[in-house]
Structures are given as C-alpha cells and as structure tokens.
Amino acid sequence: MDKALWVVRDKITTRSAIDDLMADATTRGIHDVVVQVRGRGDAYYASKLEPRAETLANDGFDPLAHSVRAGAAVGVRVHAWGNVFFVWSSGEGTLPKSREHLVWRHPEWLLRPGGVKYLDPVGGSDWEGIYIDPKNTEAREHTLAVFTDIASRYRVEGFHYDYVRYPQVTYADAPDDHAQVTELVIESAKRLRKARPGIVISAAVFPDPDVARERVLQRWTEWARVGLVDLLCPMAYRRDTSDVAHLLGKARASAPKTRMWGGLMAYAGERALLRDQVRAAEQAGCEGAILFAYDPAQRDLLDIFSAA
C-alpha cells in the first residue's frame, strides 16, 4: 500500500526543514510527498506571476527547487500542491502585504459572498477566506498560468489541486456554476500534460461525492470518469474509524477505475486510531493512504503510519 504525506507550506521554509522532511520520509519507506507551494495566491518557489510568500525570508531560497533536488537524492517523489480558488486568509485578519497580490491587483476577480465585503478578511461562520470567482475567465486563466509555470520549470512528479471548489453552494449564483470549476480542471489537464508529459494530476476532494456535488459544486466523479485526474485523495477526516471506512468505501465505489489515496488526519497522540484508519483505507480498496499532515514534532505518528 502506497504511503504519502501532505506537507503544509510552513514546513518548507528552510533548507534544513526540507532535508529533515526527506529524511523522515525515506527512512520510513514513504516515497511521495505533496508539498504546498501555492498556499494563498503566493509562491513558495521562484515566480514572476505571484508574490513571494510572506513567511519566507527575502534571501532567494526556493523551497520547491530544493524539495525536488533533495527528494531526488533519496528517492522521494515531490508533487506540487496548489490551492486553486482559495487565495487568501489570515489569522490576524490582515490583507496581503504585497500590493502585487491578486487580492489588491484584481479585486474584480474575487468571489463576493452575500453580506461580506470581498476585501474584508472577516466573514460569517462558514467563511474560510477570500476566493477568486470560478466564473471569472481572467481569474481562471491566471490560475492556469501559475500551474503551468510550475509544471514546466520544476521536475515534479505531480500537480495536486486543493480547494478546487466553491466555499459553499450558497456563494454561487446558480447550481450550474459547477461547470466553471470543471472547466478549469479540463483546461488544466491539457496544459499540465503538455508542459510535463507523464505528470500525475491529483486532487484533494470531499470524500462523499454527493456532498461534494451538492454543497461545494465539486464534481470529482465526473473528472475521474473522463480521465481529468489520475489520482484522488478523498479527505476522510473523522475520528470514528467506521465513518472513515464508510466515506472511503463510497468514494472508491464512485470512482472505481481511478487511483485513490485515502486522506487521513494525524490526530496528536492517537497512534492506535491512525493504525486502524490506515487499515480501513486499505480495506475500502484504496491503493494508498496520505496523511494530513507532516509534522516533525509527531514522528511517532509517522512511524505508525508507515508501518501500518
């Protein structure tokens, strides 16, 4: 059974952190890492299209380039993880410092949920942050250019979509707006595969296809059926292992021919639970499991995850 790690952007800000990641992975027989390089409309790599991430020092260090090199040296495949429509959030309630960020440069691209000012990073209880409007052609084109730029310049194993959806169906003008989400997935597949033949296109998705379709306009079963994605990662984040088994079983049945890694949550200290949930993913028919998320402070969970 394949094992993989989601690696959030705060874990790749230095060379030493990336070297530790690769050592932690390869010594445990984990050969795929999904590294977040576009978190909030910013760049954890060398980009001329989006601003350098605020958490990176202004020293020219390129986290993605170093990840690819370090991974190649120890046999770890690097997948570039890009958040698609979700382009900004801040725990402090602040907007991007860089005036080059698309939030400032193109406010007309942004999704404007009812009752929330679209440049105001404070919203209702279901408001995650600022999204671009999937219906905006220029916003989609910019996103596609970012993804293609990454795939063409870095020797990545794959490209991984996250937040390839609406925040909620209530933020869409009509239920048929799912077509614009799928339009990006269609065009992205063409461009990524042209830029890097053989690239593995993957997506983190809501695990229940009915919920994905109705609640966030994410029709991933259709993407799988026509080959727009090569690998699905249903996010079965539940403490109850029976819930995990049910969700992954339903996901597997909904995309029976597409490679699937069951997405599992790393709950601190819950070693037995993680072991059981890896087994549940395997019994559901998943070819692998992917853990959210890599944390060097929880190497005990990495041990369990890799051995289960």
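The values are calculated or read from the model by the stated rules, or taken from the named source; none is laboratory data. Note that the structure is a prediction, hence the values are computed from the model and not measured. Glycine also receives a Cβ, built like all others from the backbone with ideal geometry; neighbour counts cover every protein chain displayed. Calculation scope for accessible area: heavy atoms of the full protein, side chains included, ligands and nucleic acids excluded. Shrake-Rupley method; radii C 1.70, N 1.55, O 1.52, S 1.80 Å.
For every residue, the table says whether it meets (1) without any contact (Cβ under 8 Å) to a residue 24 or more places away in the chain; (2) open to solvent by 10 Å² or more (accessible area, probe 1.4 Å); (3) in a helix (DSSP H, G or I).
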| residue | (1), (2), (3) |
| --- | --- |
| SER16 | yes, yes, yes |
| ALA23 | no, yes, yes |
| VAL33 | no, no, no |
| VAL87 | no, no, no |
| TRP104 | yes, yes, yes |
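Is it the case that segment 248-263 has a residue that's modelled with pLDDT of 95 or more, basic (Lys, Arg), within 18 Å of the chain's Cα centre (by Cα) and within 27 Å of ARG165 (Cβ to Cβ)? Within segment 248-263 (the criterion being modelled with pLDDT of 95 or more, basic (Lys, Arg), within 18 Å of the chain's Cα centre (by Cα) and within 27 Å of ARG165 (Cβ to Cβ)), the answer is yes, since at least one residue qualifies.
The residue pairs whose first member lies in segment 227-253 and is more than 30 Å from PRO197 (Cβ to Cβ) and in contact (Cβ under 8 Å) with a residue 12 or more places away in the chain, whose second member is part of a helix (DSSP H, G or I) and of a type in the set (D, E, K, R), and whose beta carbons are closer than 7 Å, counting only pairs six or more residues apart or on different chains, are THR241/ASP276. Here TYR294 passes the criteria (1) free of Cβ contacts under 8 Å to residues at least 60 places away in the same chain; (2) assigned to a loop (DSSP other than H, G, I, E, B); (3) under 23 Å from MET22 (Cβ atoms) except the one numbered (1).
Condition check for THR27 on (1) of a type in the set (Ser, Thr, Tyr); (2) open to solvent by 10 Å² or more (accessible area, probe 1.4 Å); (3) touching a residue at least 40 places away in the same chain (Cβ under 8 Å): one failure, at (3).
Tallying residues that are among the acidic types (Asp, Glu) and in a helix (DSSP H, G or I) within segment 127-138 yields 1. Reported count of residues in segment 1-14, each being farther than 16 Å from HIS160 by Cα and in a helix (DSSP H, G or I), is 2.
From the list ALA70, ALA80, ALA4, the lone residue that is open to solvent by 10 Å² or more (accessible area, probe 1.4 Å), aliphatic (A, V, I, L, M) and touching a residue at least 12 places away in the same chain (Cβ under 8 Å) is ALA70.
Restrict the check to segment 133-142 and report whether at least one residue is at pLDDT 95 or above and within 18 Å of GLY39 (Cβ to Cβ). Yes, segment 133-142 contains at least one residue that is at pLDDT 95 or above and within 18 Å of GLY39 (Cβ to Cβ).
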